[in-house]
There are 2 protein chains.
Amino acid sequence: MSDLPLTPAVVVDLAKAEANIFRFQAYADRHGLAVRPHIKTHKLGLMAALQLAAGAVGITCQKVSEAEAMVDASPAVQDAFLTYNILGEERVARLRRLAERITVSTVADDEAVVAGLARGFAGAAAPLSVLVECNTGAQRCGVSDPAAACRLALAIAASPGLRFGGLMTYPPVGGEATVQAFMTEAKRLIAAEGLGCERISSGGTPGMWHAHVAPVATEYRPGTYVYNDRSLIARGVATMAECALTVEATIVSRHDGRAVIDAGSKVLTSDLLGLEGHGLVVGHPDIAIHALSEEHGHLSGEGLSRLKVGDRLSIIPNHACVVSNMLDAIYLRSPDGSLERTIVDARGAVV
Amino acid sequence: MSDLPLTPAVVVDLAKAEANIFRFQAYADRHGLAVRPHIKTHKLGLMAALQLAAGAVGITCQKVSEAEAMVDASPAVQDAFLTYNILGEERVARLRRLAERITVSTVADDEAVVAGLARGFAGAAAPLSVLVECNTGAQRCGVSDPAAACRLALAIAASPGLRFGGLMTYPPVGGEATVQAFMTEAKRLIAAEGLGCERISSGGTPGMWHAHVAPVATEYRPGTYVYNDRSLIARGVATMAECALTVEATIVSRHDGRAVIDAGSKVLTSDLLGLEGHGLVVGHPDIAIHALSEEHGHLSGEGLSRLKVGDRLSIIPNHACVVSNMLDAIYLRSPDGSLERTIVDARGAVV
């Protein structure tokens with residue numbers, strides 16, 4: 001890298017990210033599945049624009065402030081799906097203002113959420129499309145069974161200012177058969193009430209290559225696939241060569257069989273995702289990052305004998321999405337090796 | 001709270017923070033110990049100003065960018081100690097520019113670090129004060145024994161542009177006796193070479209009420225004490241009433257004995273610090289935050305029966321310092337209950 005920044009720094013290899021985008025888009029195209037990437041992984045207007053140019057139908061965000069930041073960052077963002085119960089008068093008002101700028105859809109898993117959205121969209125120029133979030137086993141949000149999904153669909157359809165937009169789920173890993181069964185039954189019940197399910201949305205990078213096993217779904221929302229990370233290597237979903245995001249760090253201290261790097265939990269985060277240690281040290285499989293403090297990464301292993309103070313290391317983090325959220329800016333590496341500092345548009349957007 | 005912001009939000013109770021500052025300052029004054037607070041916990045110019053007004057002799061930072069942000073944020077910051085090996089020509093040049101604005105001291109635990117600092121401060125108007133970092137058992141950075149500390153002290157003293165400033169350690173919890181023994185012996189060896197130790201600096205909130213057990217130290221660097229957190233309650237160092245920082249969250253989903261709040265790892269972080277779960281829910285000891293995803297906190301426990309979608313909760317996080325680093329702004333609560341949005345000056349400063 002020609003103009004390597006001060007470490008620690010987050011570097012994203014553009015060619016790898018684009019290859020990751022194209023690979024899943026091609027799979028989805030083959031199976032007639034719309035792609036609606038979750039921007040939580042990159043939080044970058046320019047990366048969303050690449051995903052949309054490759055064929056994505058829109059973006060997915062969790063929070064209103066994330067969607068606002070993405071729309072502000074890129075004119076390519078014209079359609080955002082908020083897969084989160086949007087609560088509170090002020091927040092729903094922000095959602096309505098967003099819906100006046102671009103196409104917006106959201107979810108609900110509770111009548112209280114539907115009622116709040118309906119109050120906020122009363123008299124809106126166009127009704128807000130609301131999908132029913134369904135719990136297909138991840139035990140996070142979502143109605144518990146197809147009958148409850150049908151009841152909430154009817155409540156949405158009966159609310160002025162809203163229209164029923166379909167069904168959405170964030171499934172557990174390996175949950176494709178459950179998604180297929182739940183959604184097929186919910187769609188049948190809803191159809192019996194005279195309503196159509198224009199979208200059935202599923203997601204998650206861990207299950208993305210099995211998305212076709214739940215053909216009832218019409219769209220898929222992968223997030224981490226754009227960068228990949230150590231957790232996806234461990235699951236067999238990605239290879240090391242497909243990991244586009246690395247943390248660049250420097251050895252700052254070296255004593256008695258231990259070494260410390262300048263990347264701690266303020267860059268790598270404490271996310272384990274079931275793994276041991278805090279990242280893969282590229283090219284040094286015999287070195288582990290066994291502990292983190294805020295500004296220190298603690299290395300151990302036989303490979304330390306090769307390293308001295310000042311040496312640089314590249315690290316594939318356990319979880320790329322949370323690393324993107326730690327720094328105001330990352331560095332995009334072009335195929336010619338040049339680096340461009342890029343503000344992370346939706347960093348820290350949690351409301 | 002009169003004008004409660006959208007959740008999730010970080011709120012700091014100013015009166016509690018001030019009481020925490022005064023309490024430790026009084027203890028340190030009683031024992032003739034200088035206080036040099038680590039700003040990693042609050043990252044706020046105004047909070048550093050309160051600490052300095054209460055009697056602190058200066059601030060402590062890890063990284064150059066942190067110190068720059070603090071100096072930019074408050075004219076009260078006139079003395080910063082960087083307890084980190086500062087490496088690389090560009091970074092040392094930034095340290096030198098900082099040293100032209102305020103009084104700066106730093107540490108080294110290696111001759112390569114000393115050599116880099118000496119190159120960068122060649123011809124400086126005033127020499128840079130460099131303390132030797134000592135490993136007193138935390139196994140992070142630091143020379144391993146008093147003889148090595150003495151050798152590095154001599155190397156610093158012999159370097160044009162630098163002067164030997166004393167000894168520094170980040171001790172393990174309960175390590176006061178080791179600190180006392182290590183520092184006493186190192187000071188004796190260094191004195192035998194004709195050098196004085198003007199500062200012997202120890203730190204860490206977990207051990208702060210035992211700081212007087214290592215009377216060889218001349219200054220102490222507590223960080224978390226300003227806010228406290230669940231980890232310090234668990235260690236018996238602070239009470240719940242002394243926790244100044246809370247995360248305000250809203251129940252967004254409620255089904256079948258589970259509930260989800262809108263604060264996930266993007267606010268609470270995944271730091272466990274040896275604890276189970278991800279924070280204390282104030283007023284609800286029978287509710288646990290048993291898991292986090294990025295935007296979802298997963299609650300369980302009997303107390304959930306009292307809660308419905310839209311209810312607000314206050315959470316004392318496991319680790320206050322890392323929570324301060326997640327959002328661009330926090331809310332300071334005054335004794336009259338009013339809230340003021342305040343930019344976190346040194347958020348994300350890692351280089």
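Does A:V77 count as in contact with a Leu (Cβ under 9 Å, 6 or more places away or on another chain) and farther than 30 Å from B:D311 by Cβ? Yes; evaluated as a whole, the condition is true for this residue. Tell me, please, whether a residue that is within 14 Å of the chain's Cα centre (by Cα), surrounded by 17 or more Cβ atoms within 10 Å (Cβ to Cβ) and of a type outside the set (F, W, Y) can be found in the range B:24-32. No, every residue in the range B:24-32 fails to be within 14 Å of the chain's Cα centre (by Cα), surrounded by 17 or more Cβ atoms within 10 Å (Cβ to Cβ) and of a type outside the set (F, W, Y).
Within the range B:141-157, the set of residues being within 9 Å of chain A (Cβ to nearest Cβ) and buried (at least 20 other Cβ atoms within 10 Å of the Cβ) comprises B:C141, B:G142, B:V143.
The one condition from (1) closer than 14 Å to B:V12 by Cβ; (2) in a loop (DSSP other than H, G, I, E, B) that B:R341 does not meet is (2).
Within the range A:33-56, which residues are without any contact (Cβ under 8 Å) to a residue 40 or more places away in the chain and crowded, with 23+ Cβ neighbours inside 10 Å? Hits for the range A:33-56 are A:A48, A:A56.
Quick one: which residue in A:R119, A:R140 is touching a residue at least 24 places away in the same chain (Cβ under 8 Å) and in contact with a helix residue (DSSP H, G or I) (Cβ under 8 Å, 6 or more places away or on another chain)?
Working: A:R140 fails: in contact with a helix residue (DSSP H, G or I) (Cβ under 8 Å, 6 or more places away or on another chain).
Unique residue meeting the criteria: A:R119.
The residues listed here are A:H38, A:H42; of these, the one that is away from chain B (no Cβ under 11 Å) and within 16 Å of the chain's Cα centre (by Cα) is A:H42. Checking each residue in the range B:220-270 for being of a type in the set (D, E, K, R) and farther than 29 Å from B:C61 by Cβ picks out B:R254, B:D256, B:R258, B:D262. Can you find a residue that is free of Cβ contacts under 8 Å to residues at least 24 places away in the same chain and surrounded by 17 or more Cβ atoms within 10 Å (Cβ to Cβ) anywhere in the range B:327-347? So far as the range B:327-347 goes, no, none of its residues is free of Cβ contacts under 8 Å to residues at least 24 places away in the same chain and surrounded by 17 or more Cβ atoms within 10 Å (Cβ to Cβ). Considering each of A:T246, A:T239 in turn, give the residue that is assigned by TED's automatic domain parsing to the domain that holds A:H296, among the polar types (S, T, N, Q), in contact (Cβ under 8 Å) with a residue 40 or more places away in the chain and out of contact with any Lys or Arg (no Cβ under 8 Å at 6 or more places or on another chain). Every option except A:T246 fails the conditions.
Take the residues of the range B:252-272 that are of a type in the set (A, V, I, L, M) and more than 9 Å from chain A (Cβ to nearest Cβ): which is surrounded by the most Cβ atoms within 10 Å (Cβ to Cβ)? It would help to see each step written out before you state the result.
Filtering the range B:252-272 for residues of a type in the set (A, V, I, L, M) gives B:252, B:259-261, B:263, B:267-268, B:272.
With more than 9 Å from chain A (Cβ to nearest Cβ) added as a condition, the list becomes B:259, B:261, B:268.
On the way: B:A259: 26, B:I261: 30, B:L268: 25.
Among them, the one singled out is B:I261.
Restricting the range A:57-76 to residues that are under 18 Å from A:Y170 (Cβ atoms) and free of Cβ contacts under 8 Å to residues at least 60 places away in the same chain, the residue that is nearest to the other protein chains (Cβ to nearest Cβ) is A:Q62. Within the range A:115-141, being touching a Ser or Thr at 6+ places or on another chain (Cβ under 6 Å) and outside any strand (DSSP E or B) holds for A:A118, A:N135, A:T136, A:G137, A:C141.
For residues in the range B:310-321 being buried (at least 24 other Cβ atoms within 10 Å of the Cβ), within 12 Å of another protein chain (Cβ to nearest Cβ) and outside any loop (DSSP other than H, G, I, E, B), which is nearest to the chain's Cα centre (by Cα)? Going through the qualifying residues, I end up with B:C321.
Take the residues in the range A:77-96 that are of a type in the set (A, V, I, L, M) and part of a strand (DSSP E or B), then tell me which one is farthest from the other protein chains (Cβ to nearest Cβ). Steps first, please.
To start, the set of residues in the range A:77-96 that are of a type in the set (A, V, I, L, M) comprises A:77, A:80, A:82, A:86-87, A:92-93, A:95.
Narrowing the set further to residues that are part of a strand (DSSP E or B) leaves A:80, A:82.
Numbers: A:A80: 15, A:L82: 11 Å.
Restricting to residues being of a type in the set (A, V, I, L, M) and part of a strand (DSSP E or B), the top hit is A:A80.
What are the residues in the range B:265-309 that are assigned to a strand (DSSP E or B) and farther than 17 Å from B:D229 by Cα, if any? Once the filter is applied, which keeps residues that are assigned to a strand (DSSP E or B) and farther than 17 Å from B:D229 by Cα, the range B:265-309 yields B:H290, B:A291, B:L292, B:G297, B:H298, B:L299, B:S300.
Scanning the range B:322-338 for residues that are in contact with a Lys or Arg (Cβ under 7 Å, 6 or more places away or on another chain) and within 19 Å of B:A19 (Cβ to Cβ) yields a total of 2.
If I filter the range A:36-47 for residues that are over 23 Å from A:V11 (Cβ atoms), outside any loop (DSSP other than H, G, I, E, B) and either in the same structural domain as A:L327 (by TED's automatic domain parsing) or not basic (K, R) (or both), do I get at least one hit?
Step one: list which residues in the range A:36-47 are over 23 Å from A:V11 (Cβ atoms), which gives A:36.
Filter again for outside any loop (DSSP other than H, G, I, E, B), leaving none.
No, the range A:36-47 contains no residue that is over 23 Å from A:V11 (Cβ atoms), outside any loop (DSSP other than H, G, I, E, B) and either in the same structural domain as A:L327 (by TED's automatic domain parsing) or not basic (K, R) (or both).
Pairs meeting the criteria (first residue in the range B:100-111 and within 14 Å of chain A (Cβ to nearest Cβ), second residue in a loop (DSSP other than H, G, I, E, B) and not basic (K, R), beta carbons under 7 Å, at least 6 apart or on different chains) are B:T106/B:I86; B:D109/B:C141; B:D109/B:G142; B:D110/A:V309. Please find, among B:G137, B:G166, B:G116, B:G142, the residue that is of a type outside the set (A, V, I, L, M) and farther than 22 Å from B:E185 by Cα. Exactly one residue qualifies, and that residue is B:G116. The single residue among A:A181, A:A186, A:A191, A:A217 that is of a type in the set (A, V, I, L, M, F, W, C), assigned to a helix (DSSP H, G or I) and either crowded, with 21+ Cβ neighbours inside 10 Å or not assigned by TED's automatic domain parsing to the domain that holds A:S129 (or both) turns out to be A:A186.
Only one of the numbered conditions (1) over 18 Å from the mean Cα position of the chain (by Cα); (2) closer than 28 Å to B:V12 by Cβ; (3) part of a loop (DSSP other than H, G, I, E, B) is violated by B:A249, and that is (3). Scanning the range A:162-178 for residues that are surrounded by fewer than 22 Cβ atoms within 10 Å (Cβ to Cβ) and more than 21 Å from the chain's Cα centre (by Cα), we see that the one that is farthest from A:V132 (Cα to Cα) is A:A177.
Name every residue in the range B:12-39 that is of a type in the set (A, V, I, L, M, F, W, C) and touching a Leu at 6+ places or on another chain (Cβ under 7 Å), in order of residue number. Steps first, answer last, please.
Restricting attention to the range B:12-39, the residues satisfying the condition of being of a type in the set (A, V, I, L, M, F, W, C) are B:12, B:14-15, B:17, B:19, B:21-22, B:24, B:26, B:28, B:33-35, B:39.
Correct list: B:V12, B:L14, B:I21.
A Cβ distance below 9 Å, combined with a sequence gap of six or more or placement on separate chains, defines the contacts here; from the range A:192-209, residues that are over 16 Å from A:Q180 (Cα atoms) and without any contact (Cβ under 8 Å) to a residue 60 or more places away in the chain reach residues that are assigned to a loop (DSSP other than H, G, I, E, B) and among the aliphatic types (A, V, I, L, M) in the pairs A:T205/A:V237; A:T205/A:A238; A:P206/A:V173; A:P206/A:V237.
Quick one: in the range A:1-21, which of the residues that are away from every other protein chain (no Cβ under 14 Å) and modelled with pLDDT under 95 is nearest to A:A320 (Cα to Cα)? Working first, answer last.
Step one: list which residues in the range A:1-21 are away from every other protein chain (no Cβ under 14 Å), which gives A:1-2, A:12-21.
Filter again for modelled with pLDDT under 95, leaving A:1-2.
Values: A:M1: 21, A:S2: 24 Å.
By that ranking, first place goes to A:M1.
Of the set (1) within 17 Å of the chain's Cα centre (by Cα); (2) assigned by TED's automatic domain parsing to the domain that holds B:R199, all apply to B:G88 but (1).
The values are calculated or read from the model by the stated rules, or taken from the named source; none is laboratory data. Treat the numbers as computed from the prediction; the structure is a model and nothing was measured. FYI the Cβ positions are ideal-geometry reconstructions off the backbone, even for glycines, and counts take in every protein chain you see.
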